[in-house]
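Notes follow once the structure below has been shown.
The values are calculated or read from the model by the stated rules, or taken from the named source; none is laboratory data. Source: prediction; values computed, not measured. Glycine gets a Cβ as well: all are built from the backbone with ideal geometry, and neighbour counts include every protein chain shown.
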Amino acid sequence: MPAKEELRLPSWLRPQIGKANEISEVQQIIKQRGIHTICEEGRCPNRAECYAQKTATFLLMGPTCTRACGFCQVDKGHKPMPIDPDEPRKVAEAVELLGLDYVVLTSVARDDLADQGASCFVETMQAIRRSRPKAKIEVLTPDFRGDRHCIETVAFAAPVCYNHNIETVRRLQGKVRRGAKYERSLSVLAMVKAIDPQIIAKSGLMVGHGETIEELTETMQDLYAVGCSSLTIGQYLRPSLEHLPVQKYWTPEEFDRLGAIANQIGFVHVRSGALVRSSYHASQSM
């Protein structure tokens, strides 16, 4: 799309602003320990609001991804940093200092590692539980290339919620999610429910890539069919000119309609809105 045709950002896509001192406190705790959050690396539009509420989604295994998705701001294109063996302790310490009762752990894709980083999720969960045993933990994992052993490793650690984002409809997977596959993502969620039916299976969709409401409905039906009961739907925002252009900004009324469709399909927890992201108000959906 030529620059002159770039869609203008509508008024409803203006994120809330948090108080500077509240934001700074969270940032200091994170930066002093040399750990990362998807809030910063992915330039989440809600990070000011979430920091003000002393919440953050921790990004494990460094800030560099081995995939090259067309929508994502996270660093890519060069060799990822070595795994920090002390990262689990640092994250647990940050959780304790922030007083979190609900923690979301995500990661970059690490296809370069033998277990693709599954053990890093487990070690971090264990460290958090040692220092804050009553904290509930949600994981948002990559697809682990569909490796059941990796998925079992994380699921056996008993997170309250296992999130894996399918991101977009079947037709647009190759364009939007380079290196990922629609059926593989469905299989990840299906495996989680087969391994432990008590774990809440969750997924997320971005709209704005040129999908239709019929395609979105089909995707929601596919997710529900494999046991997914929690869903987030949000607007894709272009991080830079090097990323995929936005094809459409969906209106608040359209997001309400998508949420209603998800509820009709049978999803128990649905968050549908322009600024909704995978872990936005995650604890309120449990």
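A few points about this structure:
- If only residues of region 114-141 that are of a type in the set (A, V, I, L, M) and within 15 Å of P88 (Cβ to Cβ) are counted, the one that is nearest to the chain's Cα centre (by Cα) is V139.
- Among the residues making up region 124-137, those that are crowded, with 19+ Cβ neighbours inside 10 Å, in contact with a helix residue (DSSP H, G or I) (Cβ under 7 Å, 6 or more places away or on another chain) and in a helix (DSSP H, G or I) are T124, A127, I128.
- Pair list, Cβ under 6 Å, 6 or more apart: region 267-286 residue at pLDDT 65 or above and β-branched (V, I, T), other residue surrounded by fewer than 20 Cβ atoms within 10 Å (Cβ to Cβ) and not in a loop (DSSP other than H, G, I, E, B): V270/G259; V270/N263
- Selected residue (criterion: nearest to A158 (Cα to Cα)) from residues of region 109-121 that are outside any loop (DSSP other than H, G, I, E, B) and touching a helix residue (DSSP H, G or I) at 6+ places or on another chain (Cβ under 6 Å): F121
- Scope region 173-190; condition farther than 11 Å from C228 by Cα and buried (at least 20 other Cβ atoms within 10 Å of the Cβ); matching residues: V176, R177, A180, S185
- Residue check, G204 surrounded by 15 or more Cβ atoms within 10 Å (Cβ to Cβ), in contact (Cβ under 8 Å) with a residue 24 or more places away in the chain, of a type in the set (G, A, S) and over 14 Å from N163 (Cα atoms): no
- Residues that are in contact with a Leu (Cβ under 7 Å, 6 or more places away or on another chain) and among the hydrophobic types (A, V, I, L, M, F, W, C), drawn from region 240-263: V246, L258, A262
- 2 or more residues under 27 Å from V154 (Cα atoms) and of a type in the set (G, A, S): qualifying strands (runs of 3 or more DSSP E) within region 195-280: 200-207, 230-235
- For region 242-261, the count of residues that are at pLDDT 95 or above, touching a helix residue (DSSP H, G or I) at 6+ places or on another chain (Cβ under 8 Å), under 25 Å from Y102 (Cα atoms) and among the aliphatic types (A, V, I, L, M) is zero.
- Those helices (runs of 4 or more DSSP H) lying entirely in region 1-108 with at least 3 residues in contact with a Pro (Cβ under 6 Å, 6 or more places away or on another chain) and at pLDDT 80 or above: none
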